[in-house]
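S.K.: For reference, the structure I am asking about is given below.
The values are calculated or read from the model by the stated rules, or taken from the named source; none is laboratory data. Everything quoted here is computed from the prediction, not taken from an experiment. Methodologically, a virtual Cβ is constructed for each residue, glycine included, from the backbone with ideal geometry; neighbour enumeration extends over all protein chains shown. Surface areas here come from the heavy atoms of the whole protein model, side chains and all, with no ligands, DNA or RNA. Shrake-Rupley method; radii C 1.70, N 1.55, O 1.52, S 1.80 Å.
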Amino acid sequence: MISAKTRKELTDHQSTPFDYILGCRMRRQKEIREDVLTRGGRFEQVDEKLQVKEVMVDDRRYIIC
């Protein structure tokens, strides 16, 4: 899981020299709870028991599973 310190270290640089994925508890992060989970849109079935939806908030990309 991510901490505020980790997010700050990754986003304070002009360009991060690598791609990264951060996992988070959906309802504990204010932005996710208020801006991501409330967005409309359809989930895409990618496996028998897995659906995903992409949500953009400013320049951040969220993938909800």
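S.K.: Being surrounded by 10 or more Cβ atoms within 10 Å (Cβ to Cβ), at pLDDT 90 or above and not in a strand (DSSP E or B) is the filter here; which residues of the range 35-49 pass it? Break it down into steps so the answer makes sense when it comes.
M.R.: To start, the set of residues in the range 35-49 that are surrounded by 10 or more Cβ atoms within 10 Å (Cβ to Cβ) comprises 35-37, 39, 43-46.
After this cut, where a residue has to be at pLDDT 90 or above as well, the list is 43-46.
PHE43, the sole residue that qualifies.
S.K.: Okay, next question. Residues to consider are ILE32, ILE21; find the one that is at pLDDT below 85 and open to solvent by less than 60 Å² (accessible area, probe 1.4 Å).
M.R.: On the way: ILE21 fails: open to solvent by less than 60 Å² (accessible area, probe 1.4 Å).
ILE32 is the lone residue from the list that is at pLDDT below 85 and open to solvent by less than 60 Å² (accessible area, probe 1.4 Å).
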